[in-house]
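These notes concern the structure reproduced below.
The values are calculated or read from the model by the stated rules, or taken from the named source; none is laboratory data. Predicted model only: the values in this text are computed from it and were never measured. Reconstructed Cβ throughout: ideal geometry from the backbone, glycine too, with neighbour counts over all protein chains shown. With ligands, DNA and RNA removed, areas are computed over all heavy atoms of the protein, side chains included. Shrake-Rupley method; radii C 1.70, N 1.55, O 1.52, S 1.80 Å.
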Amino acid sequence: MKKLIKVSVAVLLMVAMVATAFAAPKKKDKGKAKKDAAPVEPSYYVLDVVDACTEIKIVPNQYAEAGKTDFQAVADWTPLVKTNKPKKGDVIDVYLKIISPIDIDSLMMNIVDTSAAASYWTILQEEKDWTLTDIKANVPKEAHFQGVLKNPMRGNLGLQLAYGKANKTGTTVKFERVKQSVTGAKPVEIRKTPKKFDFDISKDAAFVQIEAEYPWVNGVQDRQADPTCFQKIVDITKLFGDDLPIVGDEIHMKWKCSADKDVSKLLIRAVENTQVVNWWAEIDAAGTEGTLLGENIKAGATNTFDFTIKISQACKEGISLVVWYDVGDADGSVLLKYVK
């Protein structure tokens with residue numbers, strides 16, 4: 001009798017296993033349903049260059065591809081799309097009517113993101129290098145291009161305008177309207193009233209290695225010369241989101257850290273270090289003198305720096321902090337490390 005009971009239990013177990021096996025396709029059905037879900041429809045944008053600028057100065061490009069982008073400018077649509085950023089797969093129609101005071105044999109254009117989040121230069125559209133040829137001096141010329149984005153806009157949306165050295169000189173070109181821009185959202189209004197920000201930057205500046213800064217000669221640092229100071233640039237743009245500081249803003253910050261060496265005097269100031277300001281703009285109301293962080297800082301001791309910076313010039317694309325000390329105020333390079 002006991003043997004029969006054992007056999008019956010075994011049979012029931014087999015039946016349960018078979019039932020489970022046949023029930024499995026339900027999971028596959030769910031996966032299939034998810035796979036067959038309708039794809040997200042792309043958004044469509046109509047952008048007229050006149051809504052980025054009515055005129056723009058095309059200047060020598062230090063990062064030029066010789067013969068192709070020796071002179072360059074970037075028209076900026078960012079405020080127009082800040083609340084409705086184009087994504088990968090979205091379609092953008094670009095319209096322009098350009099008037100140039102000089103002949104331009106070939107004007108190259110690309111939709112680009114020049115923000116720090118996009119590594120300062122990312123081409124967004126699949127169709128690379130649109131060109132508009134045979135532009136005659138003082139004769140308006142219209143163009144229309146359509147592009148599908150292979151990369152999303154992360155921080156900025158601009159139109160690269162570039163030409164080669166065959167045209168010999170930079171110039172200022174003007175634009176007239178062709179179409180009304182359509183972005184699905186209202187342009188972001190620039191804040192005009194100063195405000196006060198409050199941040200703890202301890203984790204954002206978790207490891208700050210302050211190193212020798214050498215003099216610049218013709219755009220190159222002369223590392224054979226004596227250092228001018230010891231400094232480190234810390235980008236804090238992400239803390240502000242879409243609300244970058246304007247003139248009169250105050251930024252109150254706390255920073256908890258320790259130094260690996262003694263420092264006699266440590267200073268800090270705000271700058272903008274982005275392409276739109278040619279990689280450097282002094283925006284701190286205290287000027288290049290900066291703000292005193294601390295004196296007689298001891299190696300290994302915990303420091304809680306508490307300081308406020310006032311902004312004297314509106315940020316265009318970003319904001320950074322320069323942390324520095326003079327030569328002789330520490331024994332070479334110093335590491336500032338986050339303390340919990």
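Annotations
- Any hit, the range 170-180, residues being within 23 Å of the chain's Cα centre (by Cα) and surrounded by 15 or more Cβ atoms within 10 Å (Cβ to Cβ): no
- Of the residues making up the range 142-161, those that are in a loop (DSSP other than H, G, I, E, B) and either touching a Cys at 6+ places or on another chain (Cβ under 7 Å) or of a type outside the set (Gly, Ala, Ser) (or both) are Lys150, Asn151, Pro152, Met153, Arg154, Asn156, Leu157.
- On the stretch given as the range 118-143, residues that are within 17 Å of the chain's Cα centre (by Cα) and open to solvent by 30 Å² or more (accessible area, probe 1.4 Å) total 5.
- Index of the failed condition, Gly184 passing every other in (1) open to solvent by 60 Å² or more (accessible area, probe 1.4 Å); (2) closer than 26 Å to Ile309 by Cα: (2)
- Criterion violated by Thr291 - all others in (1) open to solvent by 20 Å² or more (accessible area, probe 1.4 Å); (2) closer than 28 Å to Trp121 by Cα satisfied: (2)
- Unique residue being surrounded by 15 or more Cβ atoms within 10 Å (Cβ to Cβ), among the polar types (S, T, N, Q) and modelled with pLDDT under 95 when the list is Ser115, Ser100: Ser115
- Of residues in the range 196-216 being farther than 17 Å from Val334 by Cα and open to solvent by less than 80 Å² (accessible area, probe 1.4 Å), the one farthest from the chain's Cα centre (by Cα): Pro215
- Trp280 being open to solvent by 60 Å² or more (accessible area, probe 1.4 Å), of a type in the set (Phe, Trp, Tyr) and within 24 Å of Val327 (Cα to Cα): yes
To keep it simple, each residue is scored yes or no on (1) modelled with pLDDT under 95; (2) surrounded by fewer than 21 Cβ atoms within 10 Å (Cβ to Cβ); (3) over 19 Å from Lys150 (Cβ atoms); (4) touching a Leu at 6+ places or on another chain (Cβ under 9 Å).
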position: Val18; (1), (2), (3), (4): yes, yes, yes, no
position: Ala38; (1), (2), (3), (4): yes, yes, yes, no
position: Leu47; (1), (2), (3), (4): no, no, no, yes
position: Thr69; (1), (2), (3), (4): yes, yes, yes, no
position: Lys85; (1), (2), (3), (4): yes, yes, no, yes
position: Gly89; (1), (2), (3), (4): yes, yes, no, yes
position: Val94; (1), (2), (3), (4): no, no, no, yes
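- Each residue in the range 115-140 was checked for being touching an Asp or Glu at 6+ places or on another chain (Cβ under 8 Å) and either closer than 24 Å to Glu176 by Cα or of a type in the set (Lys, Arg) (or both), and 6 pass.
- Filter result for Ala270 (free of Cβ contacts under 8 Å to residues at least 60 places away in the same chain, among the aliphatic types (A, V, I, L, M), assigned to a loop (DSSP other than H, G, I, E, B) and open to solvent by less than 50 Å² (accessible area, probe 1.4 Å)): no
- Identity of the residue in the range 71-83, farther than 22 Å from Ser100 by Cα and among the β-branched types (Val, Ile, Thr), that ends up modelled with the lowest pLDDT: Thr83
- Qualifying residue in the range 280-295 (condition: closer than 17 Å to Thr228 by Cβ and modelled with pLDDT under 95): yes
- Restricting the range 320-332 to residues that are open to solvent by less than 40 Å² (accessible area, probe 1.4 Å) and of a type in the set (Gly, Ala, Ser), the residue that is farthest from the chain's Cα centre (by Cα): Ala330
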